[in-house]
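Where a number appears in this text, it was derived from the coordinates with a stated rule and is not lab data. All values reported here derive from a predicted model rather than from experimental measurement. As a convention, Cβ positions derive from the backbone with ideal geometry for all residues, glycine included, and neighbour counts pool all protein chains shown.
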Amino acid sequence: MLQPALAAGVLDQNPSHHPARRYELHLTCHPTLFAPLRRSIVSVMARKVKPEKPRPSAALAGGRKRVLLVLFVPSVERDGSTLIDQDYWVDSALKMFGRVFGGATAYPKAKGIWRDDERSGALVKDEPVVIHCYTTPEDIQRPANLAELGRYCRRLGCEANQGEVGLIIGDEYFAIRHFEEA
């Protein structure tokens, strides 16, 4: 019979040379294993196997944008009744996202509510347009890109008379409430 130490030796063939690879043990039992009074022969083969990673097809190859930006473009002012020119703000946001981050998509009106704590907790009903933009980690970390995104959000908040502009970067929500230039 094969000694356990020998089997272990087969499995431990220089794993430091291939730390990303794992080793699998394959046992092949020969028919003589079951022959009475005969020695069994067990062949041990170690095969290096790379961990399987999902591979995008060639059609999907290219730049990978994996940071999601979400901007909520409101439909009303802070008072909850005065309409804003939402089409203007959606179009200008799309242009800004296209120029700075490569593109964006605006989804039809959603239904939402926001609590204005500076107005005694008044609830403001809203039908925001939700804009999604995927970008790269490098693009979102560029100071010039962040500055332009911040300027746009402060301008939207100030000119559309908002209490807060909602922006999501990755998995973090930013409640932008101070609209003066930084």
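Worth pointing out:
- Here the Karplus curve 6.51 cos²θ - 1.76 cosθ + 1.60, taken at θ = phi - 60°, turns the phi angles of the stretch 160-171 into couplings of 9, 6, 9, x, 7, 10, x, 9, 10, 10, x, 10 Hz, with x standing for Gly and Pro.
- Amide H within-cut-off set for residue 167, under 5 Å, with H built and near neighbours excluded: 174, 176
- Using θ = phi - 60° in the Karplus curve 6.51 cos²θ - 1.76 cosθ + 1.60, the 3J(HN,Hα) couplings for the stretch 112-123 round to x, 8, 9, 8, 9, 5, 7, 10, 6, x, 4, 8 Hz; x is entered for Gly and Pro.
- Cβ-defined net charge surrounding residue 110, 14 Å radius [Lys, Arg +1; Asp, Glu -1]: +1
- Under a 5 Å amide H cut-off, with hydrogens placed 1.01 Å from N, residue 76 pairs with 84, 127 among residues at least 5 apart or on other chains.
- Placing unit charges on the Cβ atoms only, positive for Lys and Arg and negative for Asp and Glu, gives the stretch 60-176 a dipole magnitude near 400 debye about its Cα centre.
- Net charge of the neighbourhood of residue 101, taken over other residues with C-beta under 15 Å away and scored Lys/Arg +1, Asp/Glu -1, is +4.
- Residue exposure proxy: 125, 111, ordered by other Cβ atoms within 10 angstrom of their Cβ from fewest to most, comes out as 111, 125.
- Packing-based ranking, highest mean first, of 150-163, 130-143 given that Cβ atoms within 10 Å are counted: 150-163, 130-143
- Net length gained if the chain between residue 132 and residue 180 were fully extended (0.36 nm per residue, minus Cα distance): 14.8 nm
- Distance between modelled label sites at residue 172 and residue 92, nm, 7 Å Cα→Cβ extension: 2.7 nm
- In Hz, Karplus ³J(HN,Hα) per residue of the stretch 90-101 (6.51, -1.76, 1.60; θ = phi - 60°; x = Gly, Pro): 5, 4, 5, 5, 4, 5, 5, 5, x, 5, 8, 10
- Ranked by how many other beta carbons lie within 10 Å on average, peptides 102-108, 92-98, 64-70 from highest: 92-98, 64-70, 102-108
- Cβ-defined net charge surrounding residue 75, 13 Å radius [Lys, Arg +1; Asp, Glu -1]: -2
- Less than 5 angstrom separates the built amide H of residue 142 from none of the residues sequence-distant by 5 or more or on a different chain.
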